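**Q** One structure, as structure tokens, below. Some questions next.
The values are calculated or read from the model by the stated rules, or taken from the named source; none is laboratory data. Keep in mind that this is a model prediction, so the values were computed, not measured. With ideal geometry, Cβ positions are generated from the backbone for all residues, glycine too; neighbour counts draw on all protein chains shown. All accessible areas refer to the heavy atoms of the entire protein, side chains included, with ligands and DNA or RNA removed. Shrake-Rupley method; radii C 1.70, N 1.55, O 1.52, S 1.80 Å.
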Amino acid sequence: MQKTIEIKDQAGTEDLAARLAAVAGKGDVILMHGTLGMGKSAFCRAYIRALANNPHEEVPSPTFTLVQIYDLEPVPVWHFDLYRLSDPEEVHELDIEDAFSEAVSLIEWPDRLEYLTPETRLDIYIEPGPNPDARQIKLVAHGDEWAKRLATLDGNMA
């Protein structure tokens, strides 16, 4: 199943992230696709803040650390930025298998995973919209559980 949502501005992106965080579960894998500056990190930051129920939660980019771990309730979040990796074998050093089984995994630049990409996941593609602040976000569910969750999402975002 897939759903495309028109987002007018960053507030809309944050709203969508919060809606997805509200249905977060252990073992969820969310792959963030888009070019530089499309809002992948902004989406992840909003998702983590929503799950933490803290709009001021410090959420640094994992660009240099490669992974940031948030011990949240009801489920921890591992935020990965794989941009600087050149080989999927390097992903093992980040203990990504632990994240896949014990947490929500938010993964920027998921093409670096190659053969390690989980079958059950949510792919989020962020594309430019009709104005500089707008985005077109395509959600692609892989697996029945994600399809059920997407079916309940309203397509009208701010």
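**Q** Sort through 48, 96 and tell me the only one that's of a type outside the set (Phe, Trp, Tyr) and at pLDDT 95 or above. Before the answer, list the steps.
**A** On the way: 96 fails: at pLDDT 95 or above.
Unique residue meeting the criteria: 48.
**Q** Identify, please: which residue in the stretch 1-60 is of a type in the set (A, V, I, L, M), in a loop (DSSP other than H, G, I, E, B) and free of Cβ contacts under 8 Å to residues at least 40 places away in the same chain and is, among those, nearest to residue 152 (Cα to Cα)?
**A** Narrowing the stretch 1-60 to residues of a type in the set (A, V, I, L, M): 1, 5, 7, 11, 16-18, 20-24, 29-32, 36, 38, 42, 46, 48, 50-52, 59.
In the following step, the residues that additionally are in a loop (DSSP other than H, G, I, E, B) were identified as 1, 22-24, 36, 38, 59.
Going one step further and asking which of them are free of Cβ contacts under 8 Å to residues at least 40 places away in the same chain, we end up with 22, 36, 59.
Numbers: 22: 12, 36: 30, 59: 28 Å.
Once the filter is applied, the top-ranked residue is 22.
**Q** Just for the stretch 30-76: of the residues that are under 16 Å from residue 100 (Cα atoms) and of a type in the set (Val, Ile, Thr), which one is nearest to the chain's Cα centre (by Cα)? I'd like the intermediate steps shown before the answer.
**A** Keep residues of the stretch 30-76 that are under 16 Å from residue 100 (Cα atoms), which gives 30-32, 66-72, 74-76.
Next, from what is left, pick out any that are of a type in the set (Val, Ile, Thr): 30, 67, 69, 75.
Details: 30: 4, 67: 13, 69: 14, 75: 15 Å.
Among those that are under 16 Å from residue 100 (Cα atoms) and of a type in the set (Val, Ile, Thr), it is 30.
**Q** Residues of the stretch 112-126 being modelled with pLDDT under 95 and under 21 Å from residue 61 (Cβ atoms), which ones?
**A** Listed by number, the residues that qualify are 112, 113.
**Q** Right, here's the next one. Under 7 Å between Cβ atoms, at least 6 apart or on separate chains: pull out the pairs that start in the stretch 91-116 with a residue that is under 20 Å from residue 26 (Cβ atoms) and end on any residue that is of a type in the set (Phe, Trp, Tyr) and open to solvent by 10 Å² or more (accessible area, probe 1.4 Å).
**A** If the second residue must be of a type in the set (Phe, Trp, Tyr) and open to solvent by 10 Å² or more (accessible area, probe 1.4 Å), the pairs left are 99/78; 103/78; 105/78.
**Q** Could you please give the count of residues in the stretch 16-53 that are open to solvent by 50 Å² or more (accessible area, probe 1.4 Å) and over 12 Å from residue 135 (Cβ atoms)? Don't jump to the end; show me each part of the working.
**A** Initially, the stretch 16-53 is screened for residues open to solvent by 50 Å² or more (accessible area, probe 1.4 Å), giving 19, 22-23, 26, 35-37, 45, 49, 53.
Filter again for over 12 Å from residue 135 (Cβ atoms), leaving 19, 22-23, 26, 36, 45, 49, 53.
Adding up the residues that qualify gives 8.
**Q** A further question follows. Report, by residue number, each residue of the stretch 58-83 that is within 19 Å of residue 27 (Cα to Cα) and hydroxyl-bearing (Ser, Thr, Tyr).
**A** Correct list: 70 only.
**Q** Considering each residue of the stretch 132-153, count those that are open to solvent by 60 Å² or more (accessible area, probe 1.4 Å) and either touching a residue at least 24 places away in the same chain (Cβ under 8 Å) or of a type in the set (Ser, Thr, Tyr) (or both), and give that number. Full working, then the answer.
**A** Filtering the stretch 132-153 for residues open to solvent by 60 Å² or more (accessible area, probe 1.4 Å) gives 132-133, 136, 138, 144-145, 148, 151-152.
After this cut, where a residue has to be either touching a residue at least 24 places away in the same chain (Cβ under 8 Å) or of a type in the set (Ser, Thr, Tyr) (or both) as well, the list is 133, 136, 138, 145, 151-152.
Going through the stretch 132-153 one residue at a time, the tally reaches 6.
**Q** A further question follows. Considering every residue within the stretch 72-83, establish whether at least one is open to solvent by less than 70 Å² (accessible area, probe 1.4 Å), among the aromatic types (Phe, Trp, Tyr) and at pLDDT 95 or above.
**A** Just the residues of the stretch 72-83 that are open to solvent by less than 70 Å² (accessible area, probe 1.4 Å), to begin with: 72, 75-82.
Retained after the next criterion (residues that are among the aromatic types (Phe, Trp, Tyr)): 78, 80.
Within this subset, residues satisfying the condition of being at pLDDT 95 or above are 78, 80.
Yes.
**Q** Only one of 110, 62 is buried (at least 19 other Cβ atoms within 10 Å of the Cβ) and over 24 Å from residue 148 (Cα atoms). Can you tell me which? Don't jump to the end; show me each part of the working.
**A** Working: 110 fails: over 24 Å from residue 148 (Cα atoms).
It is 62.
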